[in-house]
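The values are calculated or read from the model by the stated rules, or taken from the named source; none is laboratory data. The structure presented is a predicted model; accordingly, all values stated were derived computationally and were not measured. FYI the Cβ positions are ideal-geometry reconstructions off the backbone, even for glycines, and counts take in every protein chain you see.
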Amino acid sequence: MRLVFAGTPQTAVPALDALLASRHEVVAVVTRPDAPAGRGRKVEASPVAQRAAAAGEIRIDIGPEDLLRTLVGMCYAHDRPGWQARRRPAS
């Protein structure tokens, strides 16, 4: 199965690692854009973005306000052959 993983914090990294080690294909990782962090306010990538970069995965930086619109767009962009044939007839 081809998957898009969405996450940002350190607690999401084990889930990403499990998916990367599975038989599934992670095609993209959605996370927040790099942001200032720590006392020095240095711009840093999120823990999930750092793990995705280490694994060579595609990373999509997105703000929370655009996440739903992007995921819906990804769903519509995915072409599933025969989808129309399995739709229920209109009542």
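Just name the residue that is surrounded by the most Cβ atoms within 10 Å (Cβ to Cβ) out of those in region 1-18 that are assigned to a loop (DSSP other than H, G, I, E, B) and out of contact with any His (no Cβ under 7 Å at 6 or more places or on another chain). Steps first, answer last, please.
First pass over region 1-18, keeping only residues assigned to a loop (DSSP other than H, G, I, E, B): 1, 7-9.
Subsequent filtering for residues that are out of contact with any His (no Cβ under 7 Å at 6 or more places or on another chain) retains 7-9.
On the way: Gly7: 20, Thr8: 17, Pro9: 11.
Within region 1-18, the match that is surrounded by the most Cβ atoms within 10 Å (Cβ to Cβ) is Gly7.
Considering only region 19-31, I want to know if a residue exists there that is assigned to a loop (DSSP other than H, G, I, E, B) and crowded, with 17+ Cβ neighbours inside 10 Å. Outline the logic, then answer.
Let us first name the residues in region 19-31 that are assigned to a loop (DSSP other than H, G, I, E, B), namely 22-24.
After this cut, where a residue has to be crowded, with 17+ Cβ neighbours inside 10 Å as well, the list is none.
No, there is no match, as no residue in region 19-31 is assigned to a loop (DSSP other than H, G, I, E, B) and crowded, with 17+ Cβ neighbours inside 10 Å.
Are there any pairs with C-beta distances below 8 angstrom linking a residue in region 10-38 that is over 13 Å from Ala49 (Cα atoms) to a residue that is modelled with pLDDT under 85 and of a type in the set (Asp, Glu), with the two at least 6 apart or on different chains, and if so which?
Here the result reads Leu20/Glu57; Val26/Glu57, each pair linking region 10-38 to a residue that is modelled with pLDDT under 85 and of a type in the set (Asp, Glu).
Considering only residues that are of a type outside the set (Ser, Thr, Tyr), in a loop (DSSP other than H, G, I, E, B) and in contact with a strand residue (DSSP E or B) (Cβ under 7 Å, 6 or more places away or on another chain), which ones fall in region 33-51?
As a first pass, look at region 33-51 and keep what is of a type outside the set (Ser, Thr, Tyr): 33-45, 47-51.
In the following step, the residues that additionally are in a loop (DSSP other than H, G, I, E, B) were identified as 33-34, 38-41, 45.
Selection gives Pro33, Asp34.
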